[in-house]
Amino acid sequence: MTAERSERDDNPGLVPTLREFALLADGERGALIGPDGRVCWMCVPSWADDAVFSTLIGGAGSYSVTPATAFTWGGYYEDRSLIWHSRWVTRAGVAECREALALPGRRHRAVLLRRILGVEGTVPVRVTLDPRPGFGRRAVAGLRQDGLDGPDGVEAWCGRVGELELRWSGRLAAVARIDHDAGGGSLVAERLVRAGDCLDLVLELGELPADRPVPDVLWAETKRAWRSAVPELSSLAGVRDAQHAVAVLRGLTGGGHGMVAAASTSLPERARQGRDYDYRYVWIRDQCYAGLAAARAGLDGLLDDAVTFVTERLLADGPNLRPAYTARGGPIPDERRLDLPGYPGGDDVVGNKVGHQFQLDVFGEAALLLAAAARRGRLTDDARRAAAVTAGVIAARWRIPDTGVWELEPRHWTHSRLTCAAGLLALAGVDGAGVGEADGWRALARRLLSAAREEMRHSSGRWQRATDDPRVDAALLLPAVRGAVDVRDPVSVATLRAVAEQLTDDGYVYRFDHAGIRLGVAEGAFLLCGFWLALAYHRAGRHDQARRYFERGRAACGPPGIYAEEFDVTQRQLRGNIPQAFVHALVLETAATLRPLDGTDPG
C-alpha cells in the first residue's frame, strides 16, 4: 500500500484496516502498530489496565516513527519471534524500524524497544511520543530531561504517565523537543536517516530501576528469549505459520500463566451492530484450546501454563468457575463505556459481562486439557484433583441450561453436553485413574451421549444446535474431532456434510445460520470454524479437503500474520479484536495434526 503522511496527519481519525496491524507482546501487555509506524494501542502495566496509547479506538496518545514523505509500506517478523520490522520505501530511500517489547516481560515495567535502520538512500523520519494515560484523558506530568550518566552519554526524557514513571532514552530521544501546540506532553524529533544509520529508542513505563538500559543488551536478551520460547517445529505443516502461532500464544501468556483472548477491546465484529467486546482477559475455553494445541505440537511450556491456570481456577472456584478471568486470575469488571468515538463502526467498551454466565462446555474442555496433559506425563497432583472437580461439576450440572460456546441465551446446547462427554471419556482413559473413578466417568459420558441422541439429533440424522433449535452449528464438528462419538458414526458423517453444505462460502466457514439471514450478512465467517472443519475432514480421512480448509484459513490475514475472530468474505477484511488467540491456537493444532506425510513441507 502507499500512504501520504500528510493525509494521516490531517485526518487523525484515519486508522488502518485490521489486517495491517502488527503485534508486539511480552506476556504482560501488548502493543499494536499500524503501517505508518504508529503505536496506537498499548495498556500498561497489564493487559486490562488503562491504555496510554489509544488512538485505535478514538482516544488520544500514540508513539510514532514515520517517514516524513510519501511511502510504500511493508513489514515482517524475525523468525520465531514477535520482533517486528516496519519497512518503508520512499523515492529517496528505504528505512526500517525494528520493534519489540523487551523480554523477559516484567509485571510492573514495560520496555518498548525501537531501532531505526537506514537501508538505502536517505529517508526523512519524524518521531513523536505522546503518551496519554486513562485512555487519553490525561497528559504526561513533570516532563523533563534528566541525567547524563546513561550508556549513550546523553540525557533522557522523564516524567509521569498517570501512576507510572516514564523514561525515554536514546540519541534521537535526547534531541527531541516539546511540542507545545500538542498541549505540552508531546515530544517530537526529526532526522534524516541515511544508509547504515542505527538509532535506538527505549521507552520505559512503570517502576523504573536507577540504571539506564543498554539497548544492545536488551535486544540480545529479547532475541534469545524468543528463540528459547519458539522451537523449530520443522515436522509440522505450514512451519512458519505454526511458529508464528506459537509466538503469538506465548506473547499473550504472562507470568500468571493466563493467556488473554486478545490484546484489544471494542473492535467491531459488524459495523454499528453493538457486538463490540473487551477481550483483554483469559477465557477458560480459549486457554484449553491453546493447551490442546500445545500438547498436539509437543510444546510442554505452553501446555503447563494452560494446565496451571485452569487447575488453579477449578480448585479455587469449583462449580462457580467463571468462563473468564483477568490475566492474574481475578474477576472481570462489568462493562462500561469510555465516551470515545471507537474504531470506525465500533464502540468503546471495557469490561465484560461474561463473568456472570454459566458455560457447561468449559468443564468438558478442561477435562480434555487435563487428559492431554496426562498423556504427556505433565499432570500434577493438583491437576488430578482438578480433574475430579471437573467431573463432579459435570455430573451435578449437565442438565442445567448454559450459555454455550457462543455465549448466547441459556439453553440446552448440544455442543456443551457432547464436549463434556468427550472430556469424561478422555479422563477415563488416563493412566492412573482409579478403576471405579474411570468407570464412573465412562458411565456419565454414556448418559450424556444417550440424552443427546434422544433429544438433540435432527430428523436428517445430524446433530442440531439445541433441544429446541434444529439448525446446524459448526461447533458440532467437535464431538467427532474430540472423541465423543466415532467419526464414522452416521450422526458425525451427517453433521460434517451439513456444515460443509450449509455453512461454507468460498472456502470459509460460518458458525450457524442466523434465522434465514444470508451467510455473510449477519456476521463474518469464523476463522476458528474453518480450522475445525479441516480437523474434522482429517479425522474422516479426507485429507485433501482438510488441506484445502487449512490453507484457506491461514491465508486470511495481512503481512503481519495476525488473525481476528471473523473474516468478511466479500470485503476480504478481518473483523473483531486482534490477535484472536483461539484462532492462532487452532492454526497450531491443525498444523500439528496435518503433519506432512513425507516429513517435508514447503510451507
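The values are calculated or read from the model by the stated rules, or taken from the named source; none is laboratory data. Since the structure is predicted, the reported quantities are computational estimates derived from the model, not experimental observations. Cβ placement follows ideal geometry from the backbone for every residue including glycine, while neighbour counts extend to all protein chains displayed.
Can you confirm whether Trp398 is aromatic (Phe, Trp, Tyr), touching a Ser or Thr at 6+ places or on another chain (Cβ under 6 Å) and either in contact (Cβ under 8 Å) with a residue 40 or more places away in the chain or farther than 28 Å from Leu527 by Cβ (or both)?
no
Quick test for you: out of Leu249, Leu192, Leu205, pick the one residue that is crowded, with 22+ Cβ neighbours inside 10 Å, outside any loop (DSSP other than H, G, I, E, B), in the same structural domain as Gly37 (by TED's automatic domain parsing) and not aromatic (Phe, Trp, Tyr).
Going through Leu249, Leu192, Leu205 in turn, just one is crowded, with 22+ Cβ neighbours inside 10 Å, outside any loop (DSSP other than H, G, I, E, B), in the same structural domain as Gly37 (by TED's automatic domain parsing) and not aromatic (Phe, Trp, Tyr): Leu205.
What number goes with the only condition from (1) over 22 Å from Trp168 (Cα atoms); (2) crowded, with 19+ Cβ neighbours inside 10 Å; (3) among the small types (Gly, Ala, Ser) that Gly74 does not pass?
Among (1) over 22 Å from Trp168 (Cα atoms); (2) crowded, with 19+ Cβ neighbours inside 10 Å; (3) among the small types (Gly, Ala, Ser), Gly74 violates only (2).
Is it the case that the stretch 51-61 has a residue that's in contact with a Lys or Arg (Cβ under 9 Å, 6 or more places away or on another chain), surrounded by fewer than 23 Cβ atoms within 10 Å (Cβ to Cβ) and of a type outside the set (S, T, N, Q)?
no
Matching residues to (1) closer than 20 Å to Leu32 by Cα; (2) under 32 Å from the mean Cα position of the chain (by Cα); (3) crowded, with 21+ Cβ neighbours inside 10 Å:
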| site | (1), (2), (3) |
| --- | --- |
| Trp88 | yes, yes, yes |
| Cys97 | yes, yes, yes |
| Arg107 | yes, yes, no |
| Gly121 | no, no, no |
| Pro131 | yes, yes, yes |
| Gly136 | yes, yes, yes |
| Ala141 | no, no, no |
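Of the residues that make up the stretch 513-534, is at least one assigned to a helix (DSSP H, G or I) and in contact (Cβ under 8 Å) with a residue 60 or more places away in the chain?
Yes, the conditions are met somewhere in the stretch 513-534.
Under 6 Å between Cβ atoms, at least 6 apart or on separate chains: pull out the pairs that start in the stretch 205-234 with a residue that is touching a residue at least 24 places away in the same chain (Cβ under 8 Å) and end on any residue that is part of a helix (DSSP H, G or I).
Close Cβ pairs (under 6 Å, with a partner that is part of a helix (DSSP H, G or I)) amount to Ala229/Arg250; Val230/Gln243; Val230/Val246; Val230/Ala247; Leu233/Val239; Leu233/Ala242; Leu233/Gln243.
Select from the stretch 482-511 the residues that are in contact with a Phe, Trp or Tyr (Cβ under 7 Å, 6 or more places away or on another chain) and hydrophobic (A, V, I, L, M, F, W, C) and write down the one among them that is farthest from Cys557 (Cα to Cα).
Top of the filtered list is Val491.
Give the residue that is surrounded by the fewest Cβ atoms within 10 Å (Cβ to Cβ), with candidates limited to residues of the stretch 499-550 that are among the basic types (Lys, Arg) and within 21 Å of Ala271 (Cβ to Cβ).
Within the stretch 499-550, the match that is surrounded by the fewest Cβ atoms within 10 Å (Cβ to Cβ) is Arg518.
Starting from residues that are within 18 Å of Tyr289 (Cβ to Cβ) and hydroxyl-bearing (Ser, Thr, Tyr), keep the ones in the stretch 371-426 and report whichever is surrounded by the fewest Cβ atoms within 10 Å (Cβ to Cβ).
The qualifying residue surrounded by the fewest Cβ atoms within 10 Å (Cβ to Cβ) is Thr403.
When residues of the stretch 294-328 are filtered for being touching a helix residue (DSSP H, G or I) at 6+ places or on another chain (Cβ under 7 Å) and surrounded by fewer than 18 Cβ atoms within 10 Å (Cβ to Cβ), how many remain?
Of the residues in that region, 3 qualify.
Kindly indicate which of Gly256, Gly251, Gly183, Gly196 is over 30 Å from Arg554 (Cα atoms) and modelled with pLDDT of 95 or more.
None of the other options fit; the residue is Gly196.
On the given criteria, is Ala451 assigned by TED's automatic domain parsing to the domain that holds Tyr277, under 31 Å from the mean Cα position of the chain (by Cα) and either under 26 Å from Pro470 (Cα atoms) or not polar (S, T, N, Q) (or both)?
Criteria not met by Ala451.
Say whether the condition of being more than 21 Å from Leu117 (Cα to Cα), touching a strand residue (DSSP E or B) at 6+ places or on another chain (Cβ under 7 Å) and part of a loop (DSSP other than H, G, I, E, B) is met by at least one residue in the stretch 86-102.
Checking the stretch 86-102: not a single residue is more than 21 Å from Leu117 (Cα to Cα), touching a strand residue (DSSP E or B) at 6+ places or on another chain (Cβ under 7 Å) and part of a loop (DSSP other than H, G, I, E, B).
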